[in-house]
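Beneath this line is the structure, given in structure tokens, with notes to follow.
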Amino acid sequence: MVKVEAFIESAIEEIRREAGDEKVVVALSGGVDSSVCAMLAARAIGKNLIPIYVDTGLMRKGESERICELFCDIGVKRVNAAEEFFAALKGIVDPEEKRKAIGERFVRIFEREAKATGAKFLLQGTIYPDRIESEGGIKSHHNVGGMPIDMMFQKVIEPLRDLYKDEVREVAGGVGLPLEIQHRMPFPGPGLAVRVLGEVTPEAIAVVREANAIVEEELVEAYRPWQCFAALLGRGTGVKGDIRCFGWVVAVRAVNSRDGMTADPLELPFTVLGEIAGRITSEIAEVSRVVYDVTPKPPATIEYE
Ligand code: XMP
């Protein structure tokens, strides 16, 4: 286990030494790793830290507002890029193409921001398991859609590189981050885009955002799953108010897992599932059907794309 106070001291010293007088960009996602990095760097280099939050239009309900509120004291810059992302995603149905389009947008936005601010260094929340998996060729981390954003910076500073996730969570408490960040559920970099099978449109994202909010409200506190969410599988016939409708089919996914490499579905009571289906179909006019995913990983992945 990490000695929190000692770690914070030495990480601040390291960031100060590595950054010198240069400006340093950090991409804040609201995840615990980038959040801890940003808080450490704010203490280390103050105004030379440029925390950027990209609102892709693909985030969960209230998430962008909450993240910007939490980090307003350290001067987070919110980049409103929803239109840009939706334009880039128009007509794309292939999951890998989607990730690529999203990754490219992130790279362009960071290029723009780095140029505008004159920042040459990047602060990244890489943690120990990320390094191991990257070195082993299992996953490439801290990039979206295979597009590394570190390529355009002269130096990458990684103060969390020797920590495990649970240690980062402890440090999060030490730098004053609230529990909602310390224990935030994993959320994919490409956001809700990978929870809409097929083309990503503002309409589909609005529906999946509402459905996600309902699933989280019903399950997070009551069942503490490792991860839970809703996804749009496509459209199907339903009947609402005596009128046939060709509405969205929503899948509810709730899993327990240790590290995301394998996962098991939660055995939820049927009444709870019925409650969720009832809320989703009554509160979201465009949804005609709700199904619960009972597939473990493997063979299914946790996300749908
Ligand atoms: P899968 O779907 O591969 O997901 O079983 C395992 C865990 O990783 C998250 N995930 C992602 N996280 N960028 C991320 O930062 C991504 O592109 C991405 N895809 C999946 C997923 O939410 C789950 O926790």
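Overview of results
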item	result
Student exercise, the range 24-98 dipole from Lys, Arg, Asp, Glu Cβ charges, in Debye to nearest 20	300
Cα gyration tensor shape of the range 11-87, rounded if a/c is under 1.5, else prolate or oblate by comparing a/b with b/c	prolate
Principal axis box of the range 221-305, alpha-carbon based, largest edge first, Å	45, 27, 16
Residues whose placed amide H lies under 5 Å from that of Lys240, excluding near-sequence neighbours	Cys245
Within the range 249-305: Cβ-based charge dipole about Cα centre, in debye rounded to nearest 20 (Lys, Arg +1; Asp, Glu -1)	80
Additional length obtainable on full extension of the chain from Glu22 to Asp259, 0.36 nm per residue less Cα span	81.7 nm
Rounded to the nearest 20 debye, dipole of the range 214-273 from Cβ charges on Lys, Arg, Asp, Glu	320
Helix runs (DSSP H) in the chain reaching 24 Å along axis by Cα, Kyte-Doolittle at least -1.0	202-223
Full-extension gain in nm, Glu203 to Glu5, via 0.36 nm per residue minus C-alpha separation	66.6 nm
Violating pairs (Cα-Cα greater than 27 angstrom) within the set Lys61/Lys98; Lys3/Lys61; Lys3/Lys115	Lys3/Lys61; Lys3/Lys115
Difference of contour (0.36 nm per residue) and Cα-Cα distance, Glu283 to Cys68	74.6 nm
Relative pair counts by distance (%), Cα atoms of the range 176-249, 10 Å bins	17, 40, 30, 11, 3, 0
Dipole of the chain, positive end: most advanced residue of Val168, Val287, Val255 [Cβ charges, Cα centre]	Val287
Lys/Arg +1, Asp/Glu -1 at C-beta; the chain dipole; positive extreme among Gly57, Leu179, Gly191	Gly57
By average C-beta atoms within 10 angstrom, highest first, the peptides 281-288, 186-193	186-193, 281-288
Set of the range 279-305 residues, backbone N closer than 20 Å to the point 7 Å along the Cα-Cβ line of Val93	304-305
Scaled radius of gyration (Cα, divided by 2.2 N^0.38 Å) that the range 23-178 gives	1.03
Where Rh is the Kirkwood radius over Cα pairs, Rg/Rh for the chain	0.98
Dipole of the chain, positive direction: furthest Cα of Val79, Ala300, Ile243, with charges on the beta-carbon	Val79
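Every read-out reported here was derived from the displayed coordinates using simple, explicitly stated rules and does not represent laboratory data. Here the structure is a predicted model, which means the values were calculated and not measured. Cβ: placed from backbone, ideal geometry, glycine included. Neighbour counts: every protein chain shown.
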